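**Q** There's a structure below that I have some questions on.
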Amino acid sequence: MPPPADIGSRVLLRRLRQVMAKPGDAQARLDRIVSVIAVNMVAEVCSIYLLREEQMLELCATEGLRKEAVHRTRFRFGQGLVGRIAASAEPFASRDAPRAPGFEYRPETGEEIYSSFCGVPIQRLGKVMGVLVVQNAAARDYSEEEIDALEVIAMVIAEMADAGQFTGEGFDLVRSAPKAYEGVGASDGAAIGVVHLHEPKAAITNPFTEDVEGERARLDAAMASLREEVDALVTADMGEATAEYRDVLEAYRMFAHDKGWLRRLHEAVAAGVVAEVAVERVQSAARSRMERAANPYLRDRLHDLDDLANRLLRRLGGGAPNGAPPDGAVLVGRTIGPGELLDHGKRLGGVVMEEGGLGSHAAIVARALAIPMVVGAERIVAEARNGDAIVVDADRGEAFLRPPENLRIAYEEKVALAAEAEARYRAIRSLPAETRDGHRISLQINAGLLSDMPNLFEVGAEGVGLYRTELQFLTRPTLPRRADQAALYGRVLDAAQGAPVIFRTLDIGSDKVLPYMKRPEEENPALGWRAIRVGLDKPFALKMQLQALLRGAGARPLSVMFPFVADEAEFYAARTILTETHARLQRLGYTVTTELKVGAMLETPSLAYASAAFFREVDFLSVGGNDLMQFFFAADRGNERVRRRYDALSAPFLSFLRRVASRASAAGTPVSFCGEAAGRPEEALALAALGFRSLSMRPASVGRVKYALRSVELGAVRAIIEEAMSGGAPARPAIGALLARSAEL
């Protein structure tokens, strides 16, 4: 067993600082680092692997392994123990490394005599830049203190790398190739601009300190300044903020004033590093914890914490701040908090994030400011540089970094054509969506935030065909009070100015889990405990929401729709709860509506085969096309490999939809279609030809669908549909050709 190591992080940092003061090139610096670490940790091997190209690590320095392996041995992310550490961004240790899962032996290193292994990621601002490894021949367990010291050193190495101390021949990365990223559109629109990286990229030239008290004082002063900045920022934007927006801002301020955050920063400074390194170390630890959290609310709050950490770094003055982005720039970051978007406002052309979701605070702010946003663009931060050309297509959920000229020109033409099309759509905004042969279709918008409501009039829609009430619940850390819910629903109806609004009750479960609700373990959540199933099993929450809807509506007409009804008995049970709640509020003296309509969302094929009595008794039906498609074709709509394989204009799906429309028509029950398909001109024409007289879609789609409907005779579309269902030509090309001919008339 080797003797105990003198591995206190402050001792190790002091010795590292001494050897780093000596002159030398990048290789010499790395060689000295591994030598110092090996001696101080009584390790027979110390090695540094650095990122050389996309997801590829290269052995750049070693003490103990064969020197000829340097710049020769490589591991991809996830490959071998080194790649495993890089992929997980977490430390790993083993007393018997050759038998550890994933171990890969590289003969050129001569490491066959070493049993024990301990490695930590070299990372900065959430970006893995390499891996630091120590090894010993004897089997041994590495202590928490040793791993902690290695993590501190790894952070210092990351700072050195970012400050350019390891640049030179053989150490420069090539990142000039075009890159395409697939994500999810969180806020509609498209943008062409240049990259403005969200991270401050402050270079820390000296990560060491002997003056711990001085660093602590500097940290406290910067934190006080940050809190003043955040308070002023939030207060300035509170005046006209919606309820959801206020919740975002208050949560952001709460994190800035968290005492636990400051305590952990003090502990990190005590290790002997400057305040900037402490901030990044604490944030890396928080990221590691929160990324593993099952609670989606906690994962979304990580974006706010990253944003605050970056602000604190700028306050500390560790380097020049990133500065304000030029007008029309695209903000690119791993996570972006609401504060950054509030800072820059509508100056931004777009936003691209590696992480985040549709309900994240940043997405809420982006939609409120009408900034195109794509989330889920993996690894774009590692591959982007300030000033790189970038194209953002939030409608398709795509981003293109350093696009080739032909792609850039194509998007410039697309943006120009889109501007011309928008002008045409604005010209018909006040006109009805009526076909040339006199069939009128009601076009409505989908909404989920109060900030969505102005779109109702801006795009010339007739109402809100789907108001997603769950977003109010998903963006808060606790269950919204009944009074808060009622106030929101009242403001939504106020904003509608008499236009019809259909409120869908909570559609939670599957990929939407409340932050204060324990997520059940389910192999297939999309087919599990969700939506109306949760409401009927937890009637308290359903009753409270129904009470809030009735109170918020007051005497005004109210339409309530239950989601994911698979069996008519579920609808009757939910409707009974609603009618009983309505009667009880009347008895208690509340002013409640006398015009209450109760509908169901048809998202499962089973409901299409409900009894004729159900079709007569339900006040209205809405076909939820997104979920219905995935269940009809057994294709997960979140799985890119399968979700685009199936066509909404295929003969089987068209036949099914015609059955639904026919049954509703025979019963005299209004039926609408809600979903992505409703917002695409070809599908919208087909739906109208099948008998759907109401379509609900994203606001951005209303103009193009109205224009398409006003361009054609519905009888011609119906003939194409009939031919497709009888086994003739495919419907999509024929409808597209009809649209093109009609637009030329």
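**Q** I'd like the FRET efficiency for Arg710 and Glu228, computed as 1/(1 + (r/R0)^6) with the beta carbon distance as r and R0 of 56 Å, rounded to 0.05.
**A** Numbers: r = 55 Å, r/R0 = 0.98.
In this case the efficiency is close to 0.55.
**Q** Then there's this: Rounded to whole Å and sorted largest first, what semi-axes of the equivalent ellipsoid does the C-alpha gyration tensor of region 428-744 yield via the square root of 5 times each eigenvalue?
**A** Listed largest to smallest, the semi-axes of region 428-744 are 33, 22, 18 Å.
**Q** Continuing with this model, one more query. Expressed in nm to one decimal, what extension gain is obtained for the pair Asn386 and Arg491 from 0.36 nm per residue of sequence separation less their Cα-Cα distance?
**A** Working: separation 105, 0.36 × 105 = 37.80 nm, distance 4.18 nm.
Working it through step by step, the gained length comes to 33.6 nm.
**Q** May I have the extent of the alpha carbons of region 575-676 along their three principal axes, as whole Å values ordered from largest to smallest?
**A** So the three principal-axis extents are 55, 31, 19 Å.
**Q** What's the FRET efficiency of Arg481 with Thr576 using the Cβ-Cβ distance as r and R₀ = 35 Å, to the nearest 0.05?
**A** Approximately 0.90, to the nearest 0.05.
**Q** Name the shape class, rounded, prolate or oblate, that the alpha-carbon gyration tensor gives for region 9-162, where a ≥ b ≥ c are the square roots of its eigenvalues, rounded holds for a/c under 1.5, and otherwise prolate holds if a/b is larger than b/c and oblate otherwise.
**A** rounded
**Q** Taking a ≥ b ≥ c as the square roots of the Cα gyration tensor eigenvalues, with a/c under 1.5 meaning rounded and otherwise prolate when a/b beats b/c, else oblate, which class fits region 622-713?
**A** On the way: a/c = 1.80, a/b = 1.19, b/c = 1.51.
Oblate shape, in that a/c is at least 1.5 and b/c is the bigger or equal ratio.
**Q** Can I ask one more? A 24 angstrom limit on the alpha carbon distance is what I want to check against. Which of Lys414/Lys706; Lys127/Lys179; Lys127/Lys414; Lys179/Lys346; Lys543/Lys597; Lys22/Lys67 exceed it?
**A** Check vs 24 Å cut-off fails for Lys127/Lys414; Lys179/Lys346.
**Q** Taking the simple approach of a point 7 Å from Cα along Cα-to-Cβ for both Arg396 and Ala370, what is their distance in nm?
**A** Each label point lies 7 Å from its Cα, and together they span 2.4 nm.
**Q** Taking neighbour counts of Cβ atoms within 10 Å as a proxy for exposure, in what order, fewest first, do Tyr590, Tyr114 appear?
**A** Tyr590, Tyr114
**Q** So, one more: What's the ranking of 135-143, 561-569 by average number of surrounding C-beta atoms within 10 Å, highest first?
**A** Top to bottom by mean Cβ count within 10 Å: 561-569, 135-143.
**Q** Given a Förster distance of 51 angstrom, what is the FRET efficiency for Arg15 paired with Arg347, based on the Cβ-Cβ distance and rounded to 0.05?
**A** 0.60
Read-outs: derived from the displayed coordinates by stated rules, not from any lab. In this text the structure is predicted, and so the values were computed from the model without any measurement. Neighbour counts are summed over all protein chains in view; Cβ atoms, including those assigned to glycine, are modelled from backbone coordinates with ideal geometry.
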